[in-house]
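The values are calculated or read from the model by the stated rules, or taken from the named source; none is laboratory data. Treat the numbers as computed from the prediction; the structure is a model and nothing was measured. So basically every Cβ, Gly included, is an ideal-geometry build from the backbone, and we count neighbours across all protein chains shown. Remember, those area values only see protein heavy atoms, side chains included, never the ligands or the DNA or RNA. Shrake-Rupley method; radii C 1.70, N 1.55, O 1.52, S 1.80 Å.
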Amino acid sequence: MAETIVRGRVWHFGHDISTDLLSPGGFAIGSVDERKMHTLESVNPGFAGDVRPGDVVVTGRNFGCGSSRETAPENLKALGVGCIVAESLSRLFLRNAVAIGLPALVCPGVHEAFADGDDIEVDLASGRVVNHRTGAMLEASALPEEMREILDAGGILAVLRRQFGGEGDPSSG
Amino acid sequence: MARLTLAEKILGRAAGVAEVAAGEFVVADIDLAMIHDIFAARVFDLVLDSGAPGLADPEAVVVVIDHLVPAPTPEAADLHRRIREHVAALDVGTFYDAGEGICHQLLPERGHVRPGMLVVGTDSHMTTHGALAAAATGIGTSDMVYALATGRLWFQVPETIRFELSGTLSPGVVWKDVILALAGRFGSDVAQYRAIEFAGPAVKETDMASRLTVSNMAVEIGAKFGLFDADEVTEAYLRERGIEATGPLAADPDASYEAVHDVFLSDLDPQVALPNEVDRVAPVGDVAGQPIEQAFIGSCTNGRLEDLEAAAAILEGKRVAPGVRLLVAPASRRVLQEASARGILDTLIAAGASVLPSGCGPCFGGHGGLLGAGERAIGTHNRNFVGRMGSAQAEIYLASPATVAASAIAGRIADPRSMEGAGG
Ligand code: SF4
């Protein structure tokens, strides 16, 4: 099982953060290094420059709504974001986050319980979410096993490479 | 003891499992996969990198160049060249080059989608094809690579929400208004991870164009699938495309739903989504009078012949207000040809419309009709998020073709029922 604890600073965002904000349309075909610097720039221009590896995005309802662009979770992963904890996630965002190996959890109450800059700890396996500033403790819904297997493998392309790369994949069938 | 929703029926069949229930994970065979120009080159690069010998089922793959049409930059032209090379090298079953139309118009229009199919595409508005009782949904590039290389993909069988729609739409009100009203009433999250079934007596009256509009926007309220039953309307639409009777397809009468919402449509007014969320919706009367700089009729939501016709009925013999840009993008070359043959295009052009190529253009803020800071637009498309059509300081309102046409004439948001030609 891969590392399950993520601890870092909170970057706090609101509701309905769309893929247009996470990966602005005009940058959809640039390289990831170029693209990632525009992540959420119209909501928080400092985010892409200041976010550190292991930091956590805490957000409201319907995070990642909008298009199918996988560049949305990819930008966050490339910036080093350790995981996303949201009131609710758009289906496509969750699917894409799993596909590229970025953990994303749904945790009712999280938007209220955290503020920008808080010290957060997330246990991906159990779904326990702790605010070390306030002591608040919340429960996120744990990811189904099928999704965790893909996350642990490092994403669905890693699963695929194992299938075709001759290493064999015992779970395929 | 069958009591399955449409989503359960289709996913169970595609997974080769007798009966599946909401919440289960299945690995299912993909009947049809669509990739458009934003992602196609990257997807095919990754398929080749994975070590896969090629596409598992090339005939089930459709590639469309529609987002960057015609290529607005040298980089886009280069991207398109690479896509054409991949399409030839990998024997892709169907390829629609730039100018043929928008992917969600072409899949049904050219007869690719049939009831009961499991369809994936690298685009969130894949839900459109639920209009034909296909379980169709958007996936990202990595999932698409997996699907193309193996012919299969994992799915969680969704819970289903059913909208029981009754009543009769008043003149001047169309199904775009219905889906906007549902978004406004139930919110952008109501169908998250869930399938929707659009049902009830009012649905029997709808034509396929209206169903496609509604299913298109099902994703705006979170849906994984936005399904209509396959019925006589579906059969007639397929027959026009040379597809033999596929039979009716519907949920079992005693299927179990997470929620059933009864909605009465007779008292509905034309609706407008306000910036910057699709579920911030008001009757047009509440926002009438707001000045606009741009009006857009097009996109996979409302760029069909029926939509251009509704706009032309309002614009006939009128002129767009000074200072307003009216942009019309027919959803496909066939729509363009038909609109031309029927004189609809002439009416629109005479009224002052600029006709754009059949593609996505300004809908996603790509190119060809973007908004500057402080500008306000009203369009027939499906999203009004910050920055969607250009500047993050622009405002986007969403409405029906009739409302957009009426607003273009008035130079401000206007109720189409206040104009001649708004027959319904
Ligand atoms: S018309 Fe707009 S919503 Fe439809 S596929 Fe193109 S960009 Fe997406």
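Annotations
- Counting, for every residue in B:147-153, the Cβ atoms of other protein chains within 10 Å of its Cβ and taking the mean gives 2.
- Accessible-area loss of 10 Å² or more (1.4 Å probe, protein heavy atoms, chain alone versus all protein chains) is found in the range B:368-396 for B:Arg383, B:Phe385, B:Val386, B:Arg388, B:Ala392.
- Taking a straight line from the alpha carbon of B:Lys224, these lysines sit under 18 Å away, with near neighbours fewer than eight places off in the same chain left out: B:Lys9.
- The range B:48-104 versus the range B:270-307: alpha-carbon centroid distance in Å: 32
- In units of the rule-of-thumb radius 2.2 N^0.38 Å, the range B:273-418 shows an alpha carbon radius of gyration of 0.93.
- Using all pairs of distinct alpha-carbon atoms, the Kirkwood hydrodynamic radius of the range B:1-137 works out to 16.0 angstrom.
- Inter-site label distance for A:Arg52 and B:Asp231 at 7 Å from Cα along Cβ, in nm: 6.0
- Beta bridges by DSSP in the range B:6-264, antiparallel share as percent, to the nearest 5: 20
- Residue-normalised convex hull volume from the C-alpha trace of the range B:354-414: 82 Å³ per residue.
- The tail of the calculated P(r) for the protein assembly as shown, taken as Cα-Cα distances beyond 34 Å, holds 38 percent of the pairs.
- For the range A:1-78, the set of GluC sites (Glu not before Pro) satisfying both a DSSP loop assignment and a count of at most 13 other C-beta atoms within 10 Å is given as A:Glu3.
- Quarter of Cα convex hull surface for chain A, i.e. mean projection, nm²: 9.8
- Mean separation of Cα contacts under 8 Å (6+ apart) over length of the range B:147-267, as relative contact order %: 38
- Nearby aspartates and glutamates by direct alpha-carbon distance to A:Lys77 (threshold 13 angstrom, same-chain neighbours under 8 apart not counted): A:Asp33, A:Asp55
- Interface size A-B, as summed buried accessible area [1.4 Å probe, Å², nearest 100]: 3400
- Dipole magnitude (debye, nearest 20) for the range B:6-264, charges at Cβ of Lys, Arg, Asp, Glu: 220
- At a probe radius of 1.4 angstrom, the accessible area of the protein assembly as shown per residue rounds to 34 square angstrom.
- Mean residue ellipticity (222 nm) of chain B, computed from DSSP H runs ≥ 4 via -39,500 (n - 2.57), nearest 500: -8500 deg cm²/dmol
- Net charge of neighbours whose Cβ lies under 14 Å from the Cβ of B:Ala410, counting Lys and Arg as +1 and Asp and Glu as -1: +2
- Measuring r between the beta carbons of A:Ala115 and B:Ser340 and using R0 = 56 Å, the FRET efficiency lands at 0.45.
- Point-to-point label distance, B:Leu48-A:Glu34, nm (Cα→Cβ direction, 7 Å offset): 2.1
- A:Leu102 sits among other residues whose Cβ lies under 12 Å from its own Cβ, and their net charge, with Lys and Arg +1 and Asp and Glu -1, is 0.
- Springs between Cα atoms under 10 Å define the GNM used for chain B, and in it the highest mean-square fluctuation of B:Val64, B:Val260, B:Val20 occurs at B:Val260.
- With helices as the sole contributors, chain A gives -7500 deg cm²/dmol at 222 nm; each DSSP H run of n ≥ 4 counts as -39500 (n - 2.57), and the sum is divided by every residue.
- For the pair the range B:159-181 / the range B:195-242, the C-alpha centres are spaced 11 Å from each other.
- Measure of compaction for chain B (Cα Rg per 2.2 N^0.38 Å): 0.94
- Computed from Cα atoms alone, the Kirkwood hydrodynamic radius reported for the range A:29-81 is 11.6 Å.
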